[in-house]
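A short write-up of the structure that comes next.
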Ligand code: HEC
Ligand code: HEC
């Protein structure tokens, strides 16, 4: 595969959210024909307006309304995205894929203890994680994060304040 260079570009832009946040850069819009055709990580880049949104602000929705939105909008959208990333691995994609198998006992609290714990941006451990999972990190950063953030109407992560949507909405923090 010829994609490693493309991944390296996006890796420079990785910001998980966390204390020591490096200056956030945008991945260049044209990093090669392959990306233009397929999108980052081999997944078609979605248009902003393909991403579903809640009818009223997330903060004003109760648990039932949130659960319904998850079932009607989040799961179908994310299922298609994850299957485009890896059809076999995500042949089954449902609430438990993000919330873990015992989600309802945990009242769907996020982050999910079942997802990989992530070290803060700029740490050696984070760099090692990115090197070990380049395509997955690209997929998370370029597709999953912007989609989830948009779906629940969260702001983009702001390194200055530490507020906004980050990997840590889904993944636990590593010690
Ligand atoms: C792609 C990942 C993903 C999938 C799949 C998913 N969720 Fe969620 N869900 C989230 C995230 C992220 C939040 C937390 C948003 C926040 O922190 O405000 C959340 C929040 C919730 C909440 C609100 C919890 C609270 O504390 O207010 C409920 C209820 C919920 N999900 C139910 C479901 C159900 C039911 C399904 C399956 C039909 C599902 N989710 C599938 C990512 C997902
Ligand atoms: C909306 C929830 C959500 C957000 C936000 C999110 N992830 Fe994920 N992440 C997942 C899910 C779901 C999986 C798939 C787990 C599986 O395959 O069982 C995953 C898998 C991963 C994996 C692969 C782990 C493994 O065991 O192979 C890595 C690495 C990863 N995410 C990193 C990140 C990084 C870095 C960010 C922020 C840039 C991020 N994720 C943001 C939900 C999320």
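For this structure, a couple of remarks:
- Close pairs (7 angstrom Cβ cut-off, 6 or more residues apart or separate chains): more than 21 Å from residue 79 (Cβ to Cβ) in the range 42-68, part of a loop (DSSP other than H, G, I, E, B) anywhere: 57/153; 61/54
- Considering (1) free of Cβ contacts under 8 Å to residues at least 12 places away in the same chain; (2) surrounded by fewer than 16 Cβ atoms within 10 Å (Cβ to Cβ), the lone condition that residue 125 does not fulfil carries the number (1).
- Of all the numbered requirements in (1) within 27 Å of residue 174 (Cα to Cα); (2) modelled with pLDDT under 95, residue 82 misses one, and that requirement is (2).
- Total residues in the range 47-66 satisfying the condition of being within 15 Å of ligand 2 (Cβ to nearest atom), under 16 Å from residue 155 (Cα atoms) and not in a loop (DSSP other than H, G, I, E, B): the figure is 1.
The values are calculated or read from the model by the stated rules, or taken from the named source; none is laboratory data. Everything numeric here is computed off the predicted structure, so don't read it as measured data. With ideal geometry, Cβ positions are generated from the backbone for all residues, glycine too; neighbour counts draw on all protein chains shown.
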